[in-house]
Structure formats: C-alpha cells, structure tokens
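**Q** So that we are looking at the same thing, I have put the structure below in structure tokens.
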Amino acid sequence: MTAYESPGEPVAGTGPGQGADPAGHDAVVLAGGAARRLGGTDKPGVRVGGRPLLDRVLAACATARTTVVVAAPRPTARPVTWAREDPPGGGPLAALDAGLRHTTAEHVVVLSADLPFLQEPTVGRLLGALRASGSDGVLLTDPGGRDQPLVAAYRAPRLREELARLAERHGALAGLPLRRLTAELDLTRILDPVASFDCDTWDDIATARARIREHGHVLDEWISAVKDELGLDLDVDTRGLLDLARDAAHGVARPAAPLTTFLVGYAAAQAGGGPEAVAEAARKAAALADRWAKESTSEAGPAADGSQQPRGDAATGGAQPSQGDAAPNGSQPPQGDVAPDATPDTRPDAG
C-alpha cells in the first residue's frame, strides 16, 4: 500500500476504554513473508519511530490473553508465543492456521506485522464491533476501499471451520491467497485510513517515519518508544508531568524541569511504582513549584513610606538591577526563561 490520507476528526467510540473485551481475546500476528518489495529486508524488524514494526503491532494488541507471532523467533519488547507455518513461507492461510492452533479465545485479532499506526483503541473498536454484530469478522478498509483482512477481529471457530474446508478442498493451505478465506465469511467493514496503513515499500516506510516526527505526534511516539526500550508498561498522566515541567522551568529555572521530572519518577519508584505513585509524586512537586513561584513574586518589602520596593541584596544593601539595567560586563541580563510549548497535541488517529 502506498496511498496515505490524513484523518479528519476521530470516529466516535474509538478512544481509550472503548471496545474493551470482557470475555478476553487472543491475537495472531503474521510476521513472515519475503518482503520482495523491500528487497527481501526483514520487514518486521524495520524501525519506525525508533521501534521495530513488529513491536509497534505487539503494543497495539497488548490486551490479548495470548499473542501468537507466526515467524522465526526473535527478541521482542513483549512476551509472545511463537509458531511457524508448514512449510515455512507457505503463505498467509498456512500461517493463520498455525497461529490459531495456539489460541483458545472465541475472538481473535489477526494482524500483519507492518502497521506503524495501529493502536490499542483501534483493536478495541474492532472487537467491540464484532461483539455487537452477528458477523464472522470485522476488518478495516483503506482509503481506496480495499479490505485489510490482516487488520481485523474474527470469531475463531468460524476461521477454523473455513480453514479446515479449504484444506480439505485443496489438499493443503500452503500457497492459497487470503481471499479464499474471506470470501466465505460474513464481514463487517470499518473505514480507517490511518490504522489500515501498512508498509509494503520503502516509500511507505519513509511516509511513516516522516509522519511520526510531525509536531502533533512526536511526543507520544517518543514516550512509547522509551517505555518499550526500558521495558515499562506504565500509563501515566503525560499532560500533568508536562505541566509540572513547565511550572518548574518558569518558576524556578529551566534546568529544574528535567531534574524535577526525574526526581518524580525516582520517588514514584521508591513508593512502589504505578500510575498512582507517579500522580502523587507529581502532585507534591507541583504544589512545591507553585509555592516557590508565589514566593518569588512577593519578595518586595514595604518601604518606609509604605510603598513596595525591591529588597535588594541582603549582603550589600543594593537594589537588584531591573531588566533594563546592564549587566556588569555591559551585556543585557537575561529576560527570564521561557519554557517551550509543553502541551501535547491530541493525536487525531488515536483509534
């Protein structure tokens, strides 16, 4: 796929918490294939936003009870079950059959390993739509209206039933195209131009890498990459931490921002970790920053005539220079630290 369109407003019901699967579900990720259009490159290992494509997809299906990756084993950011189609390289139907043999849930999410923009809320939306419908499966379609059967949620018994019929009819599943399966299923379709974007060519990879570095996405992408790199599975109030960093930079000094957030993280770890510990440590630090800032605005004391004037340097009795005064070396004193915009934009493709 090479077409790409920026999404409009988020679709209703795609935010965090939407489409939760109380009955549980499994996931099968197909990570084999020859990647001929990439010159035979190991496509699941290609990095986008600092993370291998496979790890990005595994993060999107992190709520699965069991996640099966059909490919040769490799290091991954999350624990998975490995499976291999027979014969290796036998195509998507053989790979899907091999993956399903390791699953037990009624609902299964089936994904390819080259989806840079797939996120957990989209997986939840697919599962929610599957439960609400009588369909055999729910899949995404791309901007051209093409089905993406490897960005979908299915009823596992129906997949097994049709795979068995195809194997009996053709003698084996190896070499059969995926459409032989989907043609036999009753499917519901959801248009999603972002989550359906897959990387088949180097142009696709370049598009994904460029988009992730756009202003509206780079912060969330960076935080996700750092959490994967450090092995952290922790959701925290990013906006609250950024507000704390801004307040520390404005009210104290610019270097106080990164040091304060580091200390908040350290304090949270000392308290046992978890979102609650981070929130409590951030609350205390924010309150301190607020008190600090208020003190700095009330340092002027009353003069003899009752007016307010700077207290000056206690050791010399001199008044502090105003912002218009020259510094001792003739240069102008700093006009105050201004923190960069610390408010993250909301991702339009959050689900």
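**Q** With a 1.4 Å probe and every protein chain kept in, tell me what percent of the accessible surface of region 26-134 is carbon plus sulfur. Display every interim value, and only then the final one.
**A** On the way: 1980 of 4070 Å².
It is 49 percent, rounded to a whole number.
**Q** Among GLY89, ALA174, GLY39, pick out the residue whose Cα is farthest towards the positive end of the charge dipole of region 33-178, where Lys and Arg carry +1 and Asp and Glu carry -1 on C-beta, about the Cα centre.
**A** Towards the positive end, the residue furthest out is GLY39.
**Q** Which whole-number value in Å² is the accessible area per residue of region 50-136, probe 1.4 Å?
**A** Spelled out: the 1.4 Å probe surface of region 50-136, per residue, equals 35 Å².
**Q** Follow-up question, since we're still on this one. How would you classify region 49-154 from its alpha-carbon gyration tensor, with a ≥ b ≥ c the square roots of the eigenvalues: rounded for a/c under 1.5, else prolate if a/b is greater than b/c, otherwise oblate?
**A** In terms of gyration-tensor shape, rounded.
**Q** When ranked by the protection proxy of mean other Cβ atoms within 10 Å per residue, highest first, what sequence do the peptides 177-186, 66-75 form?
**A** The peptides rank, most packed first, as 66-75, 177-186.
**Q** Once you charge only the Cβ atoms, +1 for Lys and Arg and -1 for Asp and Glu, what is the size of the charge dipole of region 77-150 about its Cα centre, to the nearest 20 debye?
**A** Numbers: 6 positive and 9 negative charges, 40 e Å.
Roughly 200 debye, rounded to the nearest 20.
**Q** Where does each of THR103, THR63 land when they are ordered by accessible area, with a 1.4 Å probe and the largest first?
**A** THR63, THR103
**Q** If you don't mind, another one. If you scale each eigenvalue of the Cα gyration tensor by 5 and take the root, what three semi-axes come out for region 85-236, rounded to whole angstrom and sorted largest first? Before the final figure, lay out each step's value.
**A** Values: eigenvalues 178, 61, 53 Å².
They are 30, 17, 16 Å, listed largest first.
**Q** Just to check I understand the Karplus step: with θ = phi - 60° and J = 6.51 cos²θ - 1.76 cosθ + 1.60, what whole-Hz values come out for region 122-127, glycine and proline as x?
**A** Values, residue by residue: 5, 4, x, 5, 4, 5 Hz.
**Q** Using a 1.4 Å probe over the heavy atoms of the protein chains, calculate the carbon and sulfur portion of the accessible area of region 163-203 as a whole percent.
**A** 46 percent
**Q** Right, next: Largest first, what is the accessible-area ranking of ARG158, ARG101, ARG131 with a 1.4 Å probe?
**A** Working: ARG158 50, ARG101 175, ARG131 90 Å².
If we order ARG158, ARG101, ARG131 from most to least accessible, we get ARG101, ARG131, ARG158.
**Q** What do you reckon, how do GLU106, GLU85 stack up by accessible area (1.4 Å probe), largest on top?
**A** Sorted descending by solvent-accessible area, the residues read GLU106, GLU85.
**Q** Let me spell out the model: positive unit charges on the Cβ of Lys and Arg, negative unit charges on the Cβ of Asp and Glu, origin at the Cα centre of region 154-217. What dipole size does that give, in debye rounded to 20? Before the final figure, lay out the partial values.
**A** Numbers: 11 positive and 11 negative charges, 37 e Å.
I would put it at about 180 debye.
**Q** Now for a different question. Quickly rank 187-199, 132-144 as a protection proxy: mean count of other C-beta atoms within 10 Å, highest first. Write down the numbers at each step before the final one.
**A** Values: 187-199: 21.5, 132-144: 17.9.
In descending order of packing, they fall as 187-199, 132-144.
The values are calculated or read from the model by the stated rules, or taken from the named source; none is laboratory data. Note that the coordinates shown come from a computational prediction; the quantities given were computed from them, not determined experimentally. Heads up, the Cβs are rebuilt from the backbone with ideal geometry, glycines too, and the neighbour counts pull from every protein chain shown. Ligands, DNA and RNA are stripped out before the accessible areas are found, and what is left, the full protein with its side chains, is counted by its heavy atoms. Shrake-Rupley method; radii C 1.70, N 1.55, O 1.52, S 1.80 Å.
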